[in-house]
Amino acid sequence: MRFAALNHRAHVLIGDRAIDLDEASGGRLSADPMETIRRLEEVRSFIEETQPLGRSFTMEELTLAVPSPPQSMAIGVNYADHAAEMDIELAEEPVTFAKFPTSLAGPNETVTLPSSTVDWEVELVLVMGRDAFQLTSDEAWDAVAGVTIGQDLSDRVVQFAAGRQFSLGKSSPGFGPIGPWIVTPDELPNRDDLELSCAIDGVTVQHSRTSMMLRGVVPLLVDVTKHLALKCGDVLFTGTPAGAGFALSPPRYLQPGEQLTSTIEGIGTLVTNFVAP
Ligand code: ZN
């Protein structure tokens with residue numbers, strides 16, 4: 001199943017049609033996109049039983065699919081080639097930092113660049129479907145409501161000026177675009193091996209597969225929840241492969257007027273535009 005927010009209201013998407021869950025269910029299901037995540041099995045049963053027709057929609061109608069996650073975080077250096085290009089040593093535990101919820105943005109968003117040193121990082125993003133603490137390997141994927149595409153936008157100067165505290169340089173408004181919708185893991189061709197890439201104005205800058213993660217989704221959730229109690233609705237960015245602008249010689253950063261397109265197999269494409277302050 002694929003679900004999303006259209007004009008801030010909860011919808012299920014089937015092909016090129018969108019079903020408004022509140023309207024279609026006569027108010028039994030909520031218009032709040034966070035409620036879709038909390039009541040995913042109920043939503044799935046409703047769609048299967050009633051087979052609503054919905055209406056056609058445009059990409060411009062899509063808004064942030066996870067508008068108020070209890071927690072939002074990201075994993076650093078989870079691909080060996082990106083760790084090497086950033087010259088960051090691999091750690092025994094997952095490198096984890098806050099991607100504060102106020103940094104999240106929806107699809108087709110125009111993000112204001114606060115500086116001339118903002119970098120791109122395409123990432124698979126997990127949306128938790130239940131509270132999760134000390135997950136076993138067998139439980140890990142079952143705790144995920146769905147996956148989406150994310151950009152872990154990072155001001156590299158602020159990031160490293162704050163020492164090893166990455167959160168400040170990665171949480172400005174709009175620095176966490178995600179979307180365009182959420183796909184449940186059962187829809188994916190192989191949930192542990194998805195092609196991902198991103199391009200600036202059509203020129204590919206990153207291209208890899210999620211099977212190249214140092215910690216795939218299962219070991220990542222096991223290791224993170226050894227320490228952290230995740231909540232239903234939490235957003236977790238899972239790290240980026242090589243190809244960040246910081247590592248180029250000379251470094252190359254996002255410019256006003258540029259368009260970033262981020263694509264993950266089985267999910268779709270997330271478009272983000274940039275403007276000067
Ligand atoms: Zn990242």
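Just so you know, all these numbers are worked out from the coordinates, no wet-lab data involved. It should be emphasised that the depicted structure is a prediction, and the values quoted were computed from it without experimental measurement. Cβ coordinates were reconstructed from backbone atoms using ideal geometry, including for glycine residues, and neighbour counts include every protein chain displayed.
Things worth noting here:
- Integer Hz, Karplus 6.51/-1.76/1.60 couplings in order for segment 180-186, x for Gly and Pro: x, 8, 10, 10, 5, x, 5
- Label-point separation, residue 168 to residue 187 (7 Å along Cα→Cβ), nm: 3.9 nm
- Cα extents of the chain along the three principal axes, largest first (Å): 56, 43, 30
- Three-way shape call for segment 74-185 based on the alpha-carbon gyration tensor, with the a/c threshold at 1.5: oblate
- Assuming charge only on the beta carbon of Lys and Arg (+1) and of Asp and Glu (-1), the dipole of the chain about its Cα centre is about 480 debye to the nearest 20.
- A Gaussian network model of the chain, with springs between Cα atoms under 10 Å, assigns the largest mean-square fluctuation among 237, 175, 166 to 166.
- Tail fraction, Cα-Cα pairs, segment 7-108, threshold 16 Å, whole percent: 67 percent
- Note on residue 195 and residue 226: with the Förster distance fixed at 35 Å, the Cβ-Cβ geometry gives a FRET efficiency of about 0.75.
- Additional length obtainable on full extension of the chain from residue 269 to residue 22, 0.36 nm per residue less Cα span: 86.3 nm
- Considering helices alone, the calculated mean residue ellipticity of the chain at 222 nm is -4000 deg cm²/dmol, with DSSP H runs of length four and up weighted by -39500 (n - 2.57) and normalised per residue.
- Largest GNM mean-square fluctuation among 153, 228, 254, using the chain with Cα springs under 10 Å: 228.
- Residue among 203, 224, 183 with the largest mean-square fluctuation in a Gaussian network model of the chain, springs linking Cα atoms under 10 Å: 203
- Sparsely packed GluC sites (Glu not before Pro) within segment 1-108, loop by DSSP, other Cβ within 10 Å at most 15: 89, 92
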